[in-house]
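For reference, the structure discussed in these notes is given below.
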Amino acid sequence: MATGCTLPQLPRPQVLVARLRVVMASQQSWCHSFSSASRLQPQPSGVTMDDSFLTKDKSTQKHKLPQKRRTLPYRETFEFFIEDFKTYKPLLSSIKNAYERILAHQREKIRALEALKAKLVIVNEECNERILAMRAEERHEISLLKKEKMNLLKFIDKKNEEMISLQSQVTKLRKNLAEEYLHYLSERDARKILIADLNKLRYQQEDMSLAQSPGIWGEDPVKLTLALKMTRQDLTRTQMELNTMKANFGDVVPRRDFETQEKTNKDLQEQLDSLRASYEEVRKEHEILMQLHMSTLKERDQFYSELQEIQRTSTPRPDWSKCEDVVAGGPERWKMLAEGKNSDQLVDVLLEEIGSGLLREKDFFPGLGYGEAIPAFLRFDGLVENKKPNKKDVINLLKDAWKERLAEEQKETFPDFFFNFLEHRFGPNDAIAWAYTVFENIKLFHSNEVMSQFYAVLMGKWSENVYITQKETVAQLLKEMTNADSKNEGLLTMEQFSTILKSTFPLKTEEQIQELMEAGGWYPSSSNADLLNYRSLFMEDEEGQSEPFVQKLWKQYMNEKAEYLQQLKQELCKELHEVVTLPKLRGALMSIDPSLDKQTVNTYISQAFQLPESQLPEEGDEKEEGIVEILQTALERLQVIDIRRVGPREPEPAS
């Protein structure tokens, strides 16, 4: 701990005693040479100049006595020296006083710091007590909140049960109401029929009475009385039969009406089912259209904001024809370089041309040193000669390096192999110069396919397996087309071309196959019987640039890789937001690609967690909280290697 001042470092007592002994010896020899009378004074009786007091110091240190008592032998020894050497007594006394002042100052500081130490202990205990009290209070609040949560959940369950009971009662009452409504409706119809029959009988009776009225006075009263009695009996019997029929068949519907209504109901039911199906289709289409509408609105707003931003920050479209007189080779070479490229690509081309000119003007490169962040093949201190090769020479050198790399077993890392290759090709003296020269060239020419791929593998952005697998895929596709060319004419029909693409890439969509066919030279307006020179699809120009067909293959591979990693991220983000564990990553991989074998899954997991496959736990022995890695870091590591889909993803079950 700082004491607030800086004190001089004084020698230890042992060193001081040794120095005094040397001075004493020199004084004795000097005095003896002049006179025996002027020799050193005899020492007091009982006092010897030996190391008895120092031995006492060692015993004191052994038993770990206090600091003041441990320095007591040295203090007494020094006092003996002061008393014995009268000549140097003032000097030795001043030295002793200086040490005494420093020791007193140190003791004062120690006393002040001991009080601070005690206060610090007290404050620490108070803080610990406060923390424990706050934790106890938090636990009490958490328990109260949990109880309140359980009570609320019970209250919600009770209300849900009451709601279900009320809904069942409402349903039952509605059913009873419908039955009562039908009953009263039938009663109303029966009443109307009965009233109509009674009116009809009354009218018939009046007609009969009017028809018999002319001769009614000539009939026999007894006979009429008997006829009236019999008629009343018939009327009573008929009335009873009528009431019985009404009671038995009051709710019966005539069969003709029933069949008519049943047919009508069946037709209406069929129309209802058809309308329901149509409605469901229209509803689904409406939902899809609404989703498309919302996404379109979002895209429109995004594009509108981007348009406003572009309009605000954009500059007038450059006149690229001005570059014709600047680029080496004149208008013809610029026209060749600018063919089929947009403004962004033209900027890259122009930067490469400017950079290549500046690169040719450099005679030396400054060394980057020996730091850990510097690649091994660039570690050098000093100036490095620029070999100034042309672009074609660099491309040929990179192709030769790839050939040698593919021909040998891959035991060393790619940067080490590259430096060894340069040493073998140009010798140990020029290897570092060629390493800097090639590195500066491939870093500059982004638009060149060979250089950009070599730079990505060399700097660790891609694994070399990505390049090797792509080359093997192209070679396999060429082999399939050659086998299909039975006449060895170098020609295939478009139907054969499409069949080979689908069989070689079974996981590609129809749209991707269509893109490959268009890149190969077939368009929808063309006929399937047209012949295709398939060998020209795999040719390269003098700068190593592939044909559009191979470039489209590479672009589709990168897009598929990005889509695969995006699906993996979405699968992991269902439960994880920042970290991923080993079993979760294994489960996510098997979920999005069920056809993966165990070896491939272990390879992906080993890359994501940067662990050797031999150290990975078995699938059943993995712990949920075991190996953990940041999700973004794991995905970036998987981006480096050759990761792709092995089989189709299983469709999700319909809800």
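The values are calculated or read from the model by the stated rules, or taken from the named source; none is laboratory data. Every value quoted in this text rests on a predicted model; they were computed, and no experiment measured them. Cβ sites come from the backbone with ideal geometry, for glycine too, and all protein chains shown count toward neighbours. The protein model used for the area step is the full one, side chains on, heavy atoms only, and it has no ligands, DNA or RNA in it. Shrake-Rupley method; radii C 1.70, N 1.55, O 1.52, S 1.80 Å.
Give K263/K284; K411/K502; K149/K298; K461/K598 a once-over and call out the pairs whose C-alpha atoms are over 29 Å from each other. Flagged as over cut-off: K263/K284; K411/K502; K149/K298.
Going down the table (K362/K391; K192/K229; K403/K508), which pairs top 23 Å between alpha carbons?
Numbers: K362/K391 15 Å; K192/K229 29 Å; K403/K508 30 Å.
Long pairs (Cα-Cα over 23 Å): K192/K229; K403/K508.
Remark on E385: its backbone amide H falls under 5 Å from those of F365, a criterion applied only to residues 5 or more positions apart or on other chains, H modelled at 1.01 Å from N. Probing with 1.4 Å while keeping every protein chain in the model, the per residue accessible area of the range 229-319 equals 96 Å². Here the Karplus relation 6.51 cos²θ - 1.76 cosθ + 1.60, evaluated at θ = phi - 60°, turns the backbone of the range 379-393 into coupling constants of 7, 7, 10, x, 8, 10, 6, 8, 6, 6, x, 7, 4, 5, 5 Hz, with x for every Gly and Pro.
Using the structure shown, list the pairs from K443/K569; K399/K471; K246/K266 with a Cα-Cα distance above 20 Å, or answer none. Beyond 20 Å between Cα atoms: K443/K569; K246/K266.
Just add up the charged neighbours of Q496: K/R +1, D/E -1, any other residue whose Cβ is under 15 Å from the Cβ of Q496. Spell out each step's value before the answer.
Working: positive: K479, K487, K502, R535; negative: E480, D485, E489, E495, D530.
Result for the local shell: -1.
Apply the a/c threshold of 1.5 to the C-alpha gyration tensor of the range 378-424 and tell me whether it is rounded, prolate or oblate. Since a/c reaches 1.5 but b/c is at least a/b, the shape of the range 378-424 is classed as oblate. Taking amide H as placed 1.01 Å from N in the peptide plane, the amide H of V579 sits under 5 Å from that of L631, each at least 5 places away or on another chain. H183 contributes an accessible area of around 80 Å² to the protein surface, as traced by a 1.4 Å probe with all chains present.
Classify the range 419-573: rounded, prolate or oblate, from the alpha-carbon gyration tensor (a ≥ b ≥ c, eigenvalue square roots; a/c under 1.5 rounded; otherwise prolate if a/b is larger than b/c)? Cα axes put the range 419-573 in the oblate bin.
When both the range 71-140 and the range 589-615 are represented by their alpha-carbon centers, they are found 62 Å apart. N390 sits among other residues whose Cβ lies under 12 Å from its own Cβ, and their net charge, with Lys and Arg +1 and Asp and Glu -1, is +2. Rounded to the nearest 20, the size of the Cβ-charge dipole of the range 368-513 about its Cα centre is 240 debye, with Lys and Arg at +1 and Asp and Glu at -1.
Taking a straight line from the alpha carbon of K117, these lysines sit under 28 Å away, with near neighbours fewer than eight places off in the same chain left out: K62, K64, K68, K109. For F380, the amide hydrogen comes within under 5 Å of the amide hydrogens of L368, G369, counting only partners 5 or more places away or on other chains and with H modelled in the peptide plane. Within straight-line reach of K172, meaning a Cα separation under 17 Å, there are no lysines at least 8 residues removed in sequence or on another chain.
With the other protein chains left in place, how much accessible area per residue, in square angstrom, belongs to the range 465-515 at a 1.4 angstrom probe?
Per-residue accessible area for the range 465-515 comes out at 57 Å².
Taken over the range 113-177, the percentage of Cα pairs per 10 Å bin, counting from 0 up to the bin with the maximum distance, is 18, 18, 15, 14, 12, 9, 7, 5, 3, 0.
Given a cut-off of under 8 Å on Cα pairs at least six residues apart, what relative contact order in percent is computed for the range 406-499? Intermediate values should be presented prior to the final figure.
Numbers: 37 pairs, mean separation 14.5, N = 94.
Relative CO of the range 406-499 lands at 15 percent.
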